[in-house]
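Single-structure report; data block below.
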Amino acid sequence: MPSLAIQRPAVWMSVGLGLMACTPIAPLPSGSDRPQTTLKQVLLQRTDRQGQLLWRLQADQVIMRDPQVIHLQRLQGTFYHNQAAIYTLTASQGKVYPSSEAIQLEGPIVLQDRRDRSTLHSENIQWNPHSGQLIATSGVRLDHPQVNLQGQRLQASTQTDHVHITGQVVVYAPEHQLQLQTQQLTWWARQRKVQAHSGAQTAVKLVSTSERTWQEAEAQWVEIHLPTQQVILQQAVQMKFTQANIQLRSAKVVGDLVRQQWHSPEGIQIRYQDMTATAVQGWLDRSQTLQLQDQVQLQGLPNQAHLNCQRLTWNLATQDLKAQGNLVYQQATPQIKLTGASALGNLQHQTLAIQDGETVAEILP
């Protein structure tokens with residue numbers, strides 16, 4: 001049979017009606033006719049049917065006025081799973097429910113996960129030892145050596161290796177100089193990975209807290225892998241860059257935070273000043289060099305011109321341009337069409353030289 005025990009100095013007793021009968025009874029405050037039992041400096045522990053320890057708590061004061069609930073004041077203890085200590089905790093108040101073996105803690109609460117060295121702060125925590133489910137609400141903050149997560153509700157389980165946080169979630173990664181804002185987040189502690197997603201009306205926002213080439217990004221789904229410093233953004237991705245007023249849009253972007261390189265493998269659009277470049281895929285690095293590949297189109301050029309090619313290298317800082325493969329340049333004033341294998345140019349100086357292979361120039365009436 002599962003057992004719950006209370007220890008006072010050198011004395012063990014099962015909790016239940018029998019304990020109420022053999023302990024001095026003090027009356028409740030006026031207005032209640034239910035008896036109350038108060039104990040000082042008490043150690044409680046609970047085991048399951050197989051005798052495995054579920055939790056152990058030490059409280060400065062225990063008050064029992066209802067056989068279904070045991071009230072604890074100023075407590076500390078340990079939660080177990082498969083005989084292994086998982087969480088250690090301190091709390092100002094707590095409630096033990098003998099029939100369900102569940103525990104409710106009230107804050108301020110500090111709970112340490114002994115598996116990944118993270119610390120949970122909250123004002124309310126519920127723990128179910130059989131399901132291994134832990135739910136924290138109100139003032140939730142999870143501190144890990146590499147990341148800090150804040151939200152309104154946290155749910156964890158010993159059956160999984162991740163934590164789910166909802167509400168107005170904010171993530172800080174000081175070492176990687178990142179801040180993330182979202183409504184839903186999953187934290188994988190062993191992999192040190194953050195996965196954030198939002199609904200159709202909102203977006204996950206990622207902000208750089210350092211002087212990097214990029215400023216902020218938005219997407220419906222964001223993943224940050226801390227060991228490799230890789231970021232993956234998917235669905236309606238928008239990025240703003242600090243220099244040259246560059247804006248990037250794509251269905252998916254993979255970023256390397258160390259190299260400051262961004263790759264769009266599923267379609268990319270770059271807006272710079274009055275020009276827009278699109279392609280099947282593209283790369284943008286810390287030197288503001290943009291590389292586009294497959295079905296490249298560059299519109300909004302001087303003289304109402306546009307350029308089509310298969311590969312384009314565009315240095316947004318110097319405005320140097322190199323286009324390759326099935327090149328077609330066409331402008332409206334004056335009306336000129338150029339075709340060739342490749343071209344070199346500078347948009348600031350409004351120069352373009354067709355190179356390699358046969359070049360055809362048409363001056364349209």
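Nearest 0.05, what FRET efficiency do A236 and Q191 give at R0 = 25 Å with Cβ-Cβ as r? Mind showing how you got there, number by number?
On the way: r = 26 Å, r/R0 = 1.02.
Computed FRET efficiency for A236 and Q191 comes out at 0.45.
Per residue of segment 166-181, what does 6.51 cos²θ - 1.76 cosθ + 1.60 with θ = phi - 60° give for ³J(HN,Hα)? Whole Hz please, x for Gly and Pro, Karplus curve as stated.
In residue order, the calculated couplings are 10, x, 7, 8, 10, 10, 10, 10, x, 4, 9, 6, 10, 9, 10, 10 Hz.
For Rg/Rh (Cα atoms, Kirkwood Rh), one of (i) 1.02; (ii) 1.04; (iii) 1.27 was computed from the structure I shared and the rest are decoys. Which label?
(iii)
Expressed as a fraction of 2.2 N^0.38 Å, the rule-of-thumb size for a compact globular protein of N residues, what is the C-alpha radius of gyration of segment 119-242?
In units of the globular-protein estimate, segment 119-242 measures up at 1.07.
Label segment 68-192 by shape, choosing from rounded, prolate and oblate, from the square roots a ≥ b ≥ c of the eigenvalues of the Cα gyration tensor; if a/c is under 1.5 it is rounded, and otherwise prolate applies when a/b is larger than b/c, oblate when it is not. Present the calculation step by step, with values, prior to reporting the outcome.
On the way: a/c = 1.99, a/b = 1.67, b/c = 1.19.
Cα axes put segment 68-192 in the prolate bin.
Short version: ³J(HN,Hα) in whole Hz for each residue of segment 49-57, in order, from phi by Karplus 6.51 cos²θ - 1.76 cosθ + 1.60 (θ = phi - 60°), x for Gly and Pro, what are they?
Result, rounded to whole Hz: 5, 8, x, 7, 6, 9, 7, 9, 10.
Quick one: grab the alpha carbon gyration tensor of segment 34-131, order the square roots of its eigenvalues as a ≥ b ≥ c, and give me rounded if a/c is under 1.5, else prolate or oblate depending on whether a/b is larger than b/c. Please report the intermediate quantities before stating the final value.
Values: a/c = 1.94, a/b = 1.29, b/c = 1.50.
Oblate, since a/c reaches 1.5 and b/c is not below a/b.
Within the accessible area of the chain, what % is carbon and sulfur when the probe is 1.4 Å and the other protein chains stay in place?
Values: 8060 of 17960 Å².
About 45 percent, which is the carbon plus sulfur part of the accessible surface.
So what are the ³J(HN,Hα) numbers for segment 58-75, from phi and the Karplus equation (6.51, -1.76, 1.60; θ = phi - 60°), rounded to whole Hz, Gly and Pro as x?
10, 10, 5, 8, 10, 10, 10, 10, 9, x, 8, 9, 10, 9, 10, 10, 6, 10
Mind ranking S250, S92 by accessible surface for me, highest first, 1.4 Å probe? The partial results should precede the final answer.
Values: S250 15, S92 35 Å².
Result, largest first: S92, S250.
Would you mind checking which residues have amide H under 5 Å from E266's amide H? H placed 1.01 Å from N; only 5 or more apart, or other chain.
Distant-sequence amide H within range of E266: A251, K252.
With the dipole of segment 220-365 worked out from charges on the C-beta (+1 for Lys and Arg, -1 for Asp and Glu) around the Cα centre, which of V231, Q299, G325 lies farthest toward the positive end?
V231
Excluding ligands, DNA and RNA, what is the solvent-accessible area per residue of segment 287-334 at a probe of 1.4 Å, expressed in Å²?
Accessible area per residue: 46 Å².
Among P145, Q273, P334, which residue has its Cα furthest toward the positive end of the charge dipole of the chain, with +1 on Lys/Arg Cβ and -1 on Asp/Glu Cβ?
P145
Tell me what the chain gives for mean residue ellipticity at 222 nm when only DSSP H runs of n ≥ 4 count, each as -39,500 (n - 2.57), the sum divided by the residue total, rounded to 500 deg cm²/dmol. Walk me through the intermediate numbers first.
Values: 1 runs with 5 residues, N = 365.
Computed mean residue ellipticity for the chain: -500 deg cm²/dmol.
List the relative contact order of segment 265-365 as a percent without decimals, with contacts defined as Cα pairs under 8 Å and 6+ residues apart.
Values: 260 pairs, mean separation 17.3, N = 101.
The normalised contact order for segment 265-365 reaches 17 percent.
Would you please classify the overall shape of segment 196-249 from the alpha carbon gyration tensor, given that a ≥ b ≥ c denote the square roots of the eigenvalues, rounded means a/c under 1.5, and beyond that prolate means a/b larger than b/c while oblate covers the rest? Before the final figure, lay out the partial values.
On the way: a/c = 2.17, a/b = 1.20, b/c = 1.80.
Oblate, since a/c reaches 1.5 and b/c is not below a/b.
Which number gives the lysine pairs in the chain that have C-alpha atoms under 19 Å apart and are eight or more places apart or on different chains? Please list the in-between numbers first.
Numbers: K40/K95; K193/K205; K193/K252; K205/K240; K205/K252; K240/K252; K322/K337.
Number of lysine pairs found: 7.
The values are calculated or read from the model by the stated rules, or taken from the named source; none is laboratory data. Given the structure is predicted, the values throughout are model-derived calculations rather than measurements. Please note: Cβ atoms are built from the backbone with ideal geometry, for glycine as well, and neighbour counts cover all protein chains shown. Quick note on the areas: whole protein, heavy atoms, side chains included, nothing else; ligands and nucleic acids left out. Shrake-Rupley method; radii C 1.70, N 1.55, O 1.52, S 1.80 Å.
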